[in-house]
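Rule-based calculations on the coordinates, nothing more; no lab input. Not measured: the values here are computed from a predicted model. Cβ sites come from the backbone with ideal geometry, for glycine too, and all protein chains shown count toward neighbours.
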């Protein structure tokens, strides 16, 4: 029995290595396994299978127990050494309990007797695919827990935020690639999560990765995975984030920070729907939705030769721009109350959490760090305030200078670059010059922080 092949890549398709010395079975599996939605490499014996394992990674190894040169148990053992996530299924014409037990003790996922029915094989492979899907969901959940900054809820009644919500509702049901634009700290990941949560992929993994925070020499391995021994330090098989997100959504934050070499590889993946683990010779298909985000001006980067024009067009199928917080001061009180309840669970959102003077002080600030900066300010105030309401005295020191806003309007920064520099200087001052901590507070990579400081130094000289 076989499944009808469709034109879209299967979410649960497996990369399978099949090894058997019977030519009739080789031909059968080369035809039937792709019809079931899987990618297959067929080998005539155990030694050929071992050579294939040395060159590529597989999700499942389907082997005959009795083969010349190297038997199925030895092939399975080698596969598990090279690829701990790989599942093994053994086939044999000897339907003895002892053989089955020996195979299972060696780590086989299941055991089939020959001749096996295709419907039985299909059922076993479906269970392998389901196991891998659940493992990837767990990995994605763990990955998301480390990055979680609150629920995927867009707070605010400004008309500009209503437009953002409308755009999300329009694009979410599609599979289009989305580009989220906005200044640092304005909530780009929340928008990406909202797109995922409103799509038909909502029950599949959502994986977020900050491209600017990845070490340049490990970006390819982090995104696409690697096989054991692929490079110095690759001591074990690693599943890449593209594979972890298979079936769901991959959010590539700060896409503008990707090196040019990785931009070309990302473009190839987006166009082909296939990835290749570092150290592998063969690619395999994936099915996921990609959402990208950046605070940088991509057209300007293209003109300066820092970003590929073809990649910019590829990721910008549908654009969502998030307004900065300074343009929607009417939302500040709502946001502040929402953040207070996040930092103090169980608080009654209906209570008077902030005095009018505190709200006025918050509304007079220009918020170069946007909602992330507001979250830091509210957390600071929540720590100092044992019981609401929060007053200006609970806010950071700079909010106690009531002349700050008029001075800022008259003499302070007027461009986005100047606002960014001011935010960086204030963050560095708060952290005693520690650039790593300052970058973390601002929500940018240390590399981005250094770049902005160097740009300012070059301009000054």
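Taking every DSSP beta bridge with both residues inside the chain, roughly what % is antiparallel (nearest 5)? Walk me through the numbers before you get to the answer.
Details: 4 of 42 bridges.
Percentage antiparallel, nearest 5: 10.
Packing, taken as the mean count of other beta carbons within 10 Å per residue, orders the peptides 167-175, 57-65, 35-43 from highest to lowest as 57-65, 35-43, 167-175. Taking the C-alpha atoms only, the angle from helix 332-343 to the longest principal axis of the chain is near 50 degrees. Measure off 7 Å from each Cα along the Cα-to-Cβ vector at residue 175 and residue 310, then give the distance between these two points in nanometres to one decimal. Distance between the two pseudo-spin positions: 2.2 nm. Against the longest principal axis of the chain, how steep is helix 72-82, in degrees 0 to 90 to the nearest 10, with axes from Cα atoms? Tilt relative to the chain: about 20 degrees. The angle between the Cα long axis of helix 260-272 and the main principal axis of the chain comes to about 60°, on a 0 to 90 degree scale. The packing ranking, built from the mean of other Cβ atoms within 10 Å per residue, places the peptides 279-286, 213-220 in the order 279-286, 213-220, highest first.
Remark: spin-label model distance residue 66-residue 360 equals 9.2 nm, labels positioned 7 Å along the Cα→Cβ axis.
Using a Förster distance of 60 angstrom, determine the FRET efficiency expected from the C-beta separation of residue 397 and residue 131, and round it to 0.05. Walk me through the numbers on the way to the answer.
On the way: r = 54 Å, r/R0 = 0.90.
Efficiency computed from Cβ-Cβ geometry: 0.65.
Direction-averaged projected area, Cα convex hull, segment 15-136: 6.8 nm², rounded to one decimal. Entry note, the chain: the mean residue ellipticity at 222 nm calculated from DSSP H runs of n ≥ 4, each adding -39500 (n - 2.57), is -14000 deg cm²/dmol after division by the residues and rounding to the nearest 500. Using only the C-alpha atoms, the convex hull of segment 149-321 corresponds to 120 Å³ per residue.
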